[in-house]
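Worksheet for the structure shown next.
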Amino acid sequence: MNEILEKKKLAYGVHLFWIKNELIAKKAKPGQFVIFRTHDSGERIPITIAGVNNNKFRVIVKAVGKSTYELCKLQPGDKIADISGPLGMPSEIKFYGKVLVVGGGVGIATIIPIVQALISSGNDVDVILASRSREFFFLTDEFENAKNVYYVTDDGSFGDKGFAHEKMDKLLKEKQYDIAWAIGPALMMKACSEVAKKNNLKIWVSLNAIMVDGTGMCGGCRVLINNEMKYTCVDGPEFDGRLVNWDSFMIRLSQYREEEKLALERYLEKVGEPTWL
Amino acid sequence: MAVKDRIPPVERKPEERAKDFEEVSLGYTEELAILEAKRCLQCKVPTCVSGCPVGIDIPGFIKEISKRNFEKSYRILKSYNSLPAVCGRVCPQEVQCEGVCVLNKAGKPISIGNLERFVADWAMQNNLEDKITIERKINKKIAVIGSGPAGLTNAAEMAKRGYVVDLYEVFHTPGGVLVYGIPEFRLPKAIVNKEVAFLEKLGVNIKLDIPVGFAVHPMELLETYDAIFIGVGAGTPKFMGIDGTELNGVYSANEFLTRINLMKAYKFPEADTPVKFAKNVVVIGGGNTAMDAARSALRLGANVTVVYRRSKVEMPARKAEIEHAKEEGIKFQTLTQPVRYIGNNGRLVAIECIKMKLGEPDSSGRRRPIPIEGSNFVIKADMAIEAIGTQANKLLLSQFEGLELNKWGYIKADDYGKTSLPKVFAGGDIVTGSATVILAMGAGKKAANAMEKFLY
Ligand SMILES: Cc1cc2nc3c(=O)[nH]c(=O)nc-3n(C[C@H](O)[C@H](O)[C@H](O)COP(=O)(O)OP(=O)(O)OC[C@H]3O[C@@H](n4cnc5c(N)ncnc54)[C@H](O)[C@@H]3O)c2cc1C
Ligand SMILES: Cc1cc2nc3c(=O)[nH]c(=O)nc-3n(C[C@H](O)[C@H](O)[C@H](O)COP(=O)(O)OP(=O)(O)OC[C@H]3O[C@@H](n4cnc5c(N)ncnc54)[C@H](O)[C@@H]3O)c2cc1C
Ligand code: SF4
Ligand code: SF4
Ligand code: FES
Ligand SMILES: [Mg+2]
C-alpha cells in the first residue's frame with residue numbers, strides 16, 4: 001500500500017505518480033483529493049486525485065516548497081507514509097448540455113477526471129488549457145474526446161497568447177455554455193469567475209486552501225462563500241466561483257510565507273541543488 | 001478530630017515547565033500516595049462513587065493503596081475503567097468523584113484523581129500486563145469508527161468478548177482528542193500509545209487514514225459487519241463569526257492544538273508543519289480547550305491573555321488547569337467579549353472587545369452575560385485563538401442516510417448507544433455533544449454490552 005509504482009517528469013518541477021492504494025482507487029470520484037504525509041515528521045498536504053486504474057491512483061504534483069520538493073524526489077518503490085482519502089465532495093457530474101472546462105498549470109491534470117466524467121454523462125465539453133509556455137502542457141492526449149481543445153500560453157509559444165480568462169471571454173461571445181469549471185492558480189480561477197459572472201454562467205472552481213486534517217476538524221481551510229463561512233475540505237473543495245471572496249482567500253494562502261521560505265532554504269542546504277526537479 | 005490536609009502531588013515549578021511541553025504534574029510517590037489513601041474514611045455509603053460516571057469502587061481501590069497492595073488496587077480500577085492513567089489526569093474530579101466526597105464538607109476531599117493516576121502509572125512502570133482473557137472466539141465482525149476514548153473502549157470491550165474488530169480512524173494516529181487536542185504537558189502521548197498497543201494485543205485491526213463515509217460507504221459497513229459502533233466525536237470547531245474571522249492570525253483552538261500536538265509544530269522547522277510564534281495571544285473561552293490553547297501558546301513564548309465573557313467562577317475548565325495557567329503567568333480578562341477583529345494587510349493586529357455584566361441565569365443555570373453599552377476597548381493581539389465550542393463531526397454523518405440525528409445534529413441514541421438503525425450503535429461526543437473522556441469511555445462500554453445483547 002502507498003507504494004509509488006510509476007513516476008514521470010512532465011515538465012520542470014511537475015511530476016506524475018501512480019500510487020498503489022486499492023481503497024482510494026476504488027472509491028475516488030472526480031473532484032476529490034487525498035492528504036499525503038510523506039514521512040513521519042512530514043506535514044499533511046492535500047493533492048487532487050487525477051485518475052484511477054485498478055488498484056492505483058494518479059496524482060500530478062508541482063514542486064513549490066519543502067513538502068512537494070521532497071515528494072518529487074521519491075522514486076518508484078518508495079512508500080508514502082500516510083495517504084488519507086478520498087476526501088471532499090465530488091464534482092456534480094450530470095448531463096448539462098454544453099460545458100466549458102478550463103485547466104491551468106497543474107489544473108490541466110486535475111480536470112481530466114472531471115472532463116471525462118462529463119463526457120461520459122453525455123455533455124459536449126470544450127476545454128481551455130492554459131500554461132506559461134509550450135513545455136508546460138502535459139497529458140493533452142487525454143482530452144482527445146472533448147469537442148474542442150483550445151490552448152493559451154502566457155508567452156504565445158503555443159496556441160493563443162494571453163490568459164485563460166481572455167480566451168474564455170472570447171468563447172463566451174461566440175458560444176453558449178450551460179455550466180463551466182475552472183481549476184488552476186487562484187488568480188486564474190478568480191479571473192475566470194469574473195468572466196463567468198459577467199456572462200451569468202455558473203462556474204465551479206476548486207479551492208486549494210491551506211489544510212491540516214481535511215476532515216472538518218480544524219477550520220483552518222475556511223473560506224467566505226457568499227459571505228458565509230465554509231470549510232473547503234468538507235463543504236468543497238469546489239464552490240461557485242462567482243460567490244468566492246477571492247481577496248480573503250488569497251491572503252490566507254500567504255499565512256505561512258516566512259515559515260515556508262525558511263523550511264525550503266533549510267531543506268536545500270541539506271540536500272543541495274534540487275537537480276531532480 | 002480535624003481533617004488532615006490533602007497531600008499535593010509533586011509538580012514542576014511554573015518557571016521551568018512553562019518553557020517546555022513535558023508533563024506538569026509528576027503525581028504521587030508511593031509514600032505520598034499511601035499517606036493520601038490513609039485519609040480516606042472508607043465510608044459505608046461512599047458518596048464519591050455516585051459522582052463517578054462509571055461507578056468505580058473508589059474506597060476499594062484506595063484501601064488497597066493504603067495497604068501497599070498496588071497491583072490489587074490496579075485490578076479493581078481496571079475492572080471499571082479501561083483508561084485509568086488518562087482519567088486520573090483529565091477527569092474534572094471537582095465536579096465528579098471528589099466533588100461529592102464527604103470530606104468536601106471540610107474542604108479537603110480525597111485526591112481520588114491523583115490516586116487513580118498513581119496506581120495506573122505504577123502498573124505501567126512495573127510492566128503489569130493487563131490480563132488478556134478472551135473467553136471465546138466469535139465469528140462476528142464489528143466495525144468501530146473513530147479512535148477517541150469512546151471508540152478505543154468499545155473496540156477493546158468487543159475484542160475481549162471474542163469478536164473480530166476493525167477500528168477505523170481518518171487520522172494517521174489513533175487516539176482522537178487524546179492525541180490531537182489535549183497537550184503532552186497534561187497527558188503524555190506515551191500513555192495513549194500504550195492503550196493502543198493493548199488493543200493490538202487484543203487483536204483489534206487498526207485501520208488508519210480511512211475517512212469512513214468516503215473510503216468506506218455506510219451501506220458497505222451495514223453489509224460487511226454484524227454491528228457498528230460510531231464514535232466520531234464532536235470535532236468541528238465553531239467560530240463566533242465576528243468581523244475579521246478570516247484574518248491571518250485567527251485560529252480555532254482545534255487547529256492551533258492539532259498543529260502543536262499531532263503535528264509537533266512547536267518543533268518547526270524540525271517538524272514540517274508550521275505554526276505562528278506570536279507575541280501577544282488572546283484566547284477566547286473558559287473551558288479546558290481554552291486553557292490548553294493558552295498554555296500551549298505560552299510555551300511557544302507568547303504573552304497570553306484569556307478572554308472570557310462570564311466571571312471566573314463560571315469557567316467550565318478543570319480547576320487545576322485554571323490554577324496551573326495562573327501560576328504560569330497567563331492573564332485573565334473576564335466579563336469581556338470580543339466584537340471585532342482588526343487587521344492590517346490581512347494580518348490580525350488587535351481585537352475590539354466589549355465589557356459584560358452578569359444578568360439572570362439562563363437555561364444552563366449560569367448567569368447570562370450582558371454587554372455593557374459603550375464599554376468597548378481594544379486589545380493588541382497578533383494571534384487570536386477561539387475556543388468557544390465544537391459541533392458534530394459531519395464527515396461520516398453527511399454520507400449516512402437514514403441515521404436519525406437530533407436537533408443539534410448529533411446522533412440520536414438511547415442510554416445504551418442504540419440508534420435508529422438496528423445494527424448501528426453510537427456513543428461519546430457524537431451523541432452527547434462535547435463532554436468528557438470518562439463519559440465517552442463509559443458510552444463505549446455501555447454500547448459494548450448492548451451490542452453483545454443484540455448479537456446474541
Ligand atoms: C484540495 C486541494 C488539492 C490540491 N491538489 C494539488 C495537486 O493535485 N497538485 C499539486 O501540486 N498541488 C495541489 N494542491 C496544493 C498543495 O497541497 C500545496 O502546493 C502543498 O501543500 C505545498 O506544500 P509545500 O510544503 O511543498 O509548499 P510550501 O512552501 O509549504 O507552500 C507553498 C504554498 O502552498 C500552499 N500550502 C502550503 N501548505 C499547504 C497545506 N498544508 N495545504 C494546502 N496548501 C498548502 C500555500 O499557499 C503556500 O504558500 C492542492 C491543494 C488543495 C487544498
Ligand atoms: C483541547 C481539549 C481538551 C479537553 N480536555 C478534557 C479534560 O481535561 N477532561 C475531559 O474529561 N475531557 C476533556 N476534553 C473533552 C474530551 O476530550 C472529549 O469529550 C472526548 O475525547 C470525546 O471522545 P470521543 O471518543 O467521543 O471522540 P473524539 O476524541 O473526538 O474522537 C473521535 C475520533 O473519530 C475520528 N473520526 C471522525 N470522523 C471519522 C470518520 N468519518 N472516519 C474515521 N474516523 C473518524 C476522529 O479523527 C477522532 O480521532 C477536551 C477536549 C478538547 C478538544
Ligand atoms: S474515573 Fe474520573 S470520576 Fe471516576 S473516580 Fe476516576 S477520576 Fe473520578
Ligand atoms: S466519600 Fe471520600 S472519604 Fe468517603 S470513601 Fe469516598 S473518597 Fe473516601
Ligand atoms: S482542513 Fe481542517 S477543517 Fe478543513
Ligand atoms: Mg509546506
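The values are calculated or read from the model by the stated rules, or taken from the named source; none is laboratory data. Note that the structure is a prediction, hence the values are computed from the model and not measured. As a convention, Cβ positions derive from the backbone with ideal geometry for all residues, glycine included, and neighbour counts pool all protein chains shown. Ligands, DNA and RNA are stripped out before the accessible areas are found, and what is left, the full protein with its side chains, is counted by its heavy atoms. Shrake-Rupley method; radii C 1.70, N 1.55, O 1.52, S 1.80 Å.
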Scan segment B:289-329 for residues that are touching a residue at least 40 places away in the same chain (Cβ under 8 Å) and among the polar types (S, T, N, Q) and jot them down.
B:Thr289, B:Ser296, B:Thr305, B:Ser311
Tally of residues being in a strand (DSSP E or B) and either surrounded by 14 or more Cβ atoms within 10 Å (Cβ to Cβ) or in contact with a Pro (Cβ under 7 Å, 6 or more places away or on another chain) (or both) across segment A:228-244
7
Name the residues in segment A:220-274 that are more than 12 Å from every other protein chain (Cβ to nearest Cβ) and small (Gly, Ala, Ser), would you?
A:Gly236, A:Gly241, A:Gly272
Taking into account only those residues within segment B:55-71 that are away from ligand 3 (no atom under 11 Å from the Cβ) and in contact (Cβ under 8 Å) with a residue 40 or more places away in the chain, which is most open to solvent (accessible area, probe 1.4 Å)?
B:Glu71
So, of the residues in segment B:129-150 that are closer than 16 Å to B:Asn81 by Cβ and open to solvent by less than 30 Å² (accessible area, probe 1.4 Å), which turns out to be farthest from the chain's Cα centre (by Cα)?
B:Asp130
Selection from segment B:226-254 of residues within 9 Å of chain A (Cβ to nearest Cβ) and surrounded by fewer than 24 Cβ atoms within 10 Å (Cβ to Cβ) yields B:Thr236, B:Lys238, B:Phe239, B:Gly241, B:Thr245, B:Glu246, B:Leu247, B:Asn248, B:Gly249
Just checking, does segment A:1-24 include any residue being without any contact (Cβ under 8 Å) to a residue 24 or more places away in the chain and either touching a Phe, Trp or Tyr at 6+ places or on another chain (Cβ under 8 Å) or assigned to a strand (DSSP E or B) (or both)?
yes
Members of segment A:245-277 that are of a type in the set (A, V, I, L, M, F, W, C), in contact (Cβ under 8 Å) with a residue 40 or more places away in the chain, more than 16 Å from ligand 5 (Cβ to nearest atom) and surrounded by 17 or more Cβ atoms within 10 Å (Cβ to Cβ)
A:Trp246, A:Ala263, A:Leu264
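A quick yes/no check of all residues on (1) within 16 Å of ligand 4 (Cβ to nearest atom); (2) more than 14 Å from every other protein chain (Cβ to nearest Cβ); (3) acidic (Asp, Glu):
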residue	(1), (2), (3)
B:Ile112	yes, yes, no
B:Asp121	no, yes, yes
B:Asn126	no, yes, no
B:Ile132	no, yes, no
B:Lys137	no, yes, no
B:Ala143	no, yes, no
B:Val165	no, yes, no
B:Gly175	no, no, no
B:Ile182	no, yes, no
Any chance you could count how many residues in segment A:54-69 are at pLDDT 95 or above, away from ligand 5 (no atom under 16 Å from the Cβ) and either open to solvent by 30 Å² or more (accessible area, probe 1.4 Å) or at the interface with chain B (Cβ under 8 Å from one of its Cβ atoms) (or both)?
6
Is there a residue being assigned to a strand (DSSP E or B), open to solvent by 20 Å² or more (accessible area, probe 1.4 Å) and touching a Phe, Trp or Tyr at 6+ places or on another chain (Cβ under 9 Å) anywhere in segment B:205-217?
yes
Members of segment A:208-227 found to be small (Gly, Ala, Ser), out of contact with any Pro (no Cβ under 7 Å at 6 or more places or on another chain) and either farther than 19 Å from A:Gly241 by Cβ or within 16 Å of ligand 2 (Cβ to nearest atom) (or both), listed by number
A:Gly216, A:Gly220
Where A:Glu6 falls short, out of the listed (1) away from chain B (no Cβ under 14 Å); (2) acidic (Asp, Glu); (3) under 30 Å from B:Thr258 (Cβ atoms)
(3)
Could you tell me whether segment A:205-213 includes any residue that is more than 14 Å from every other protein chain (Cβ to nearest Cβ), open to solvent by less than 30 Å² (accessible area, probe 1.4 Å) and closer than 28 Å to A:Arg37 by Cα?
yes
Go through segment A:118-172 and count every residue that is surrounded by fewer than 18 Cβ atoms within 10 Å (Cβ to Cβ), of a type in the set (D, E, K, R) and part of a strand (DSSP E or B).
3
